[in-house]
Every structure is written in structure tokens, then in C-alpha cells.
Amino acid sequence: MIKCPCKECITLSVCRYKQYLDMFQDCHLLFGYLPDHNRAIVRNEEKLKLLFETIKPKYWVLQRITRAEVREAGSKRYKNKMMVHSIDDDGKVFKR
């Protein structure tokens, strides 16, 4: 397994306050570490969990996709996958 590039990064404290997708847009090391960061079906969930544990982000959360979300997506391929949600300053989930 590839070591998470954020573990010893000097900008870790800055990334902690970024939204999930913004981090990948701003950092080519993260993009190389998790190139399928926005494709739940194929992304490496172990790397995603390690990234979450390392960064301890303020504005995004991880959770398993619920049955309702699977029905809404119309595909069983999403079952038990990790979903990334962005949250605002009040802790409310919002979608882009």
C-alpha cells in the first residue's frame, strides 16, 4: 500500500479546512495517491479511510452509502461503498 502523502506534509493544517474535492484540485500528490477520488464504485476505500484519519478534515465526512441512496442512484454497484459528504460551518451536509 502506498503511504499517504499527507502524513508528513507541511500544509496538512491548511488541507484540514478544505472541502474534499478542493484538496484534489490543489494537490497533485493527493491526485496521484487516490486518482479515482470522486468515483465511489472504483476508488480505493482503504486509502480514502487513511486519508480521512490523517487529515482529520473539518468540512467533509465519510459514511457508508445507505439503502435509500442506492435506490436513488439506481445501481446496486454502490452498495456498501464509502460516500464523501461536504458539510458547512454549521455541520449541515450539502451537495454541490
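Derivation of every value follows stated rules applied to the coordinates shown; laboratory data play no part. Keep in mind the model is a prediction, meaning the values are calculated, not measured.
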- How much length, in nm to one decimal, is gained on full extension between Val14 and Lys47, taken as 0.36 nm per residue of separation minus their Cα-Cα distance? 9.9 nm
- Both in Å, the radius of gyration and Dmax of the C-alpha trace of the chain are 13.5, 41
- Message: Pairs of alpha-carbon atoms within less than 8 angstrom and 6+ residues apart define the contacts here; what relative contact order does the chain have, in percent?
- Response: 27
- Query: Past the 28 Å Cα-Cα mark, which pairs from Lys56/Lys76; Lys7/Lys79; Lys3/Lys76; Lys3/Lys56; Lys7/Lys76?
  - Reply: Lys56/Lys76; Lys7/Lys79; Lys3/Lys76; Lys7/Lys76
- Return the sequence-ordered ³J(HN,Hα) values of segment 24-37 in whole Hz as given by the Karplus equation 6.51 cos²θ - 1.76 cosθ + 1.60 applied to θ = phi - 60°, using x for Gly and Pro. 6, 5, 8, 10, 5, 5, 5, 4, x, 6, 9, x, 9, 4
- Query: Is it possible to state the helix-based mean residue ellipticity at 222 nm for the chain, with each DSSP H run of 4+ residues giving -39500 (n - 2.57), the sum divided by total residues, to the nearest 500 deg cm²/dmol? What is it?
  - Reply: -9000 deg cm²/dmol
